[in-house]
Amino acid sequence: MQIKQRTFDESIASELVLQGINPLLARLYAARGVVNKHALATSLSQIIPPAQLTNNVTMAKLLADAIAANKKLLVIGDYDADGATATAVAVKGLKALGANVNFLVPNRFEYGYGLTPEIVALAATQNPDIIITVDNGIASVEGVAAANALGMQVLITDHHLPGQITPQAACIINPNQHGCDFPSKNLAGVGVMFYGLLALRAELRERGAYVEKPEPNLTELLDLVALGTVADLVKLDDNNRILVEQGLRRIRAGSCCAGILALLRVSGRQPQTTNAQDLGFYVGPRLNAAGRLDDMTLGIQCLLAETEAEATKIAQQLQDLNLQRRSIEADMQDGANLTLDDIDVRNQFAITMYHADWHQGVIGILASRIKERYHRPVIAFADAGDGLLKGSGRSIASLHLRDALDLLSKHQPDLIIKFGGHAMAAGLTIKLADFELFNQAFEAVVKSLITEADLESILEVDGSLNNNEMTFAAAQTLENQVWGQGFAPPLFYDAFEVVNQRVLGEKHLKLTLKKESLVIEAIYFGHPDLLTSPIQAAYQLQTNSYNGAQKVQLNLRYVAS
């Protein structure tokens with residue numbers, strides 16, 4: 001592990017302080033590319049205008065016409081947290097705008113991902129006039145063709161990268177589609193759908209729909225937009241940070257959907273102090289558990305629940321599924337560790353793994369854990385039946401995973417049956433008989449694209465904190481900001497004496513540390529081995545509320561050996 005300190009321009013940090021930004025935050029923001037206060041805007045009026053999203057006005061006109069004609073709309077979502085929140089936003093928003101709308105989400109084990117011809121056939125049993133995809137569709141060439149053949153119009157809302165062939169849909173909104181000049185390429189699927197609703201409301205307003213009745217308040221959907229955006233790990237650029245901040249404000253005020261409140265409760269989190277990390281680490285995984293082990297319909301029903309009792313009942317089911325997922329993951333991790341013992345990982349550029357007993361819904365998490373441990377691109381495969389394997393991959397910053405799979409498919413056109421995804425994550429299907437060949441081919445492609453230096457894990461830190469910055473108030477200030485993918489939570493690095501330490505629950509270390517005259521408590525999760533004093537540690541500054549007492553503590557993320 002290499003420790004690397006983020007650099008920043010002192011003059012920019014000073015300018016931010018002059019503009020009224022807290023000095024500690026000014027330093028952190030400057031190190032993350034913020035050059036003026038405008039980039040820290042949190043008002044919804046500061047988001048990029050919906051009309052700037054290519055085809056959004058056309059999409060709005062088509063949807064407004066459909067509402068006027070009382071056409072049957074069917075939303076087809078995806079089985080992850082972004083897909084679930086996007087589906088819920090579409091259903092709630094379209095209903096509020098007067099549409100006749102229902103939803104359908106593929107069971108990942110039966111239908112796989114996206115608008116496949118099989119899902120279109122299932123959708124056709126509901127006789128919709130229009131299919132609206134959310135968080136999928138840009139690669140569904142065959143599915144769109146099947147829908148068109150059955151007389152169903154398809155409107156695609158997606159954010160994934162397009163392939164070489166674009167589906168023949170009636171309209172597509174996707175900031176990443178060819179020819180789209182929308183300034184933010186980082187909208188999540190739920191963000192794209194929200195943008196579609198904003199344009200639709202503007203179109204309906206222009207048609208006089210709200211002359212005699214009030215306009216629907218679409219800001220009521222921002223809690224869902226925030227959850228999907230954070231859970232999907234899209235980059236939190238200026239635009240996304242506004243959407244997330246606005247959603248978090250609604251959650252903290254209790255003005256959010258019953259489902260999110262219920263998921264926070266079963267996670268042991270307080271709505272009033274919810275931050276972006278809570279959405280990513282507590283709410284998102286419980287919602288995702290439905291799609292991983294069962295059917296995401298359950299997760300969407302939780303988000304659409306209209307009463308606290310209904311939401312609580314479903315949230316408890318999701319909590320049970322998440323506990324089940326964790327148990328399955330632990331077993332898979334044990335199996336993976338045995339396999340890795342037989343592999344000379346240090347001399348490989350990539351890790352490809354398969355076990356006949358692994359669960360299709362959990363291989364993505366397994367790949368992520370192994371990637372974090374070895375800092376290499378990882379693809380984990382599970383048996384999909386019929387002689388096929390389903391794979392889920394996670395990558396490191398220096399390797400664009402989808403592009404690597406694309407290059408591999410060009411070299412060996414018959415090796416990958418289908419694939420999709422983005423830079424950091426991708427899914428694919430291969431034949432069981434081709435696993436060893438894929439293993440060798442993927443290793444060769446990765447080796448051609450990155451260097452040995454790229455395989456060294458780098459931990460970026462924000463330098464040292466002085467003693468008067470290690471306060472409860474400072475920790476609270478940091479926790480109230482929107483941090484996440486591409487706008488990393490602050491991580492500091494300092495030397496400490498270990499005054500006291502004990503093992504908690506056989507898994508964690510509880511410590512008392514000393515830095516000069518300051519004595520402060522710390523926690524080191526997932527690390528039961530006692531430390532030798534003194535230590536050099538990377539840490540987050542956090543608040544810790546326990547039994548009514550509020551303290552500041554350090555959350556140790558890495559201790560240099």
Problem set entry | Projected label distance in nm at residue 58 and residue 435, using a 7 Å step from Cα toward the beta-carbon | 4.5 nm
Seminar exercise, completed: Projected onto the charge dipole of the chain (unit charges on the beta-carbon of Lys, Arg, Asp and Glu, signs +1, +1, -1, -1), the Cα from 419, 555, 107 with the largest positive-side position is that of 555
Problem set entry | Over the chain, relative contact order from alpha-carbon pairs under 8 Å, at least 6 apart, % | 12 percent
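Please give the calculated 222 nm ellipticity per residue for the chain, where each DSSP H segment of at least 4 residues contributes -39500 (n - 2.57) and the sum is spread over every residue; nearest 500 deg cm²/dmol?
Details: 18 runs with 218 residues, N = 561.
Computed ellipticity for the chain at 222 nm equals -12000 deg cm²/dmol.
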For this session: Loop only per DSSP, at most 16 neighbouring Cβ atoms within 10 Å: give me the trypsin sites (Lys or Arg not before Pro) in segment 118-213, ordered by residue number.
Result: 185, 207
For this session: Evaluate the relative contact order of segment 408-561 (contact order divided by residue number), counting alpha-carbon pairs under 8 angstrom at least 6 apart; express in whole percent.
Result: 17 percent
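What number comes out for the charge environment of residue 153, summing +1 per Lys or Arg and -1 per Asp or Glu over other residues with Cβ under 9 Å away? Before the final figure, lay out the partial values.
Details: positive: 71; negative: 129.
Result for the neighbourhood of residue 153: 0.
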Exercise. Points 7 angstrom from Cα along the Cβ direction at residue 35 and residue 341: gap in nanometres?
Worked result: 5.5 nm
Exercise. Taking the Cα-to-Cβ direction at residue 7 and at residue 549 and moving 7 Å from each Cα, how far apart do the two end points lie in nm?
Worked result: 4.4 nm
For this session: Under 1.5 on a/c is rounded, so check that first for segment 62-155, then, if it is not, pick prolate when a/b is larger than b/c and oblate when it is not; a ≥ b ≥ c are the square roots of the alpha carbon gyration tensor eigenvalues.
Result: oblate
Seminar exercise, completed: Mean 1/r over distinct Cα pairs of the chain, inverted to a Kirkwood Rh in Å, yields 25.0 Å
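Taken together, the values in this text are just the output of simple stated rules run on the coordinates, not laboratory data. Everything numeric in this text was worked out from a predicted model, so none of it was measured. Note that each Cβ is placed from the backbone with ideal geometry, even for glycine, and that neighbours are counted across all protein chains shown.
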